[in-house]
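The values are calculated or read from the model by the stated rules, or taken from the named source; none is laboratory data. These figures come from a predicted structure and were not determined experimentally. Cβ coordinates were reconstructed from backbone atoms using ideal geometry, including for glycine residues, and neighbour counts include every protein chain displayed.
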Amino acid sequence: MLYAILAYHVEAHVRSWTAAEDAALMADLNRVHDRLTKEGQLGPAARLDATRKAHTLRGPGDGLLLDGPFAETKEQLLGFYVLDCASQAAAIEAARELHHVNPSAVYEIRPISLYLPGTAIPMTDKGRPG
């Protein structure tokens, strides 16, 4: 079964990290990513860009396009993983492993009922998915 692991964090806190702090965290997360990839569980994963660049489309007809994600939380959705796990318990364990190396983040584990595979996520000039 496929599971989405949604990574929430206080965006201002994440954006305050120095390049070295961000690289150190990514090195720790990449160890988890490498294990999940080796076991054939990790699908697409991405770090989302700033919420100030986000838009929300809501309402009937063509909908109304609004600036921002308008979440009623201190944390914002900053990234996600798609994992192929044998059980919900295995997905929760993977999220715990991610949380262990990034304890200030919040991880939501949600089953995916429909998955349409696409092309690989292109990299930006900064080496991040974009």
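Only one entry in Pro44, Pro60 is under 21 Å from Val106 (Cβ atoms) and either touching a helix residue (DSSP H, G or I) at 6+ places or on another chain (Cβ under 7 Å) or of a type outside the set (S, T, N, Q) (or both), namely Pro44. A Cβ distance below 9 Å, combined with a sequence gap of six or more or placement on separate chains, defines the contacts here; from the range 89-103, residues that are touching a residue at least 60 places away in the same chain (Cβ under 8 Å) reach residues that are polar (S, T, N, Q) and surrounded by 18 or more Cβ atoms within 10 Å (Cβ to Cβ) in the pairs Ala91/Gln41; Ala94/Gln41.
If you go through the range 98-114 and keep only what is touching a helix residue (DSSP H, G or I) at 6+ places or on another chain (Cβ under 7 Å) and in a helix (DSSP H, G or I), you end up with Leu98, Val101.
Matching residues to (1) of a type in the set (S, T, N, Q); (2) touching a residue at least 24 places away in the same chain (Cβ under 8 Å):
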residue: Ile5; (1), (2): no, yes
residue: Asp28; (1), (2): no, yes
residue: His33; (1), (2): no, no
residue: Ser87; (1), (2): yes, yes
residue: Val106; (1), (2): no, yes
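If you go through the range 50-106 and pick out every residue that is modelled with pLDDT of 80 or more, small (Gly, Ala, Ser) and within 20 Å of Ala12 (Cβ to Cβ), you end up with 4. For the condition in contact (Cβ under 8 Å) with a residue 60 or more places away in the chain and touching an Asp or Glu at 6+ places or on another chain (Cβ under 9 Å), His9 qualifies.
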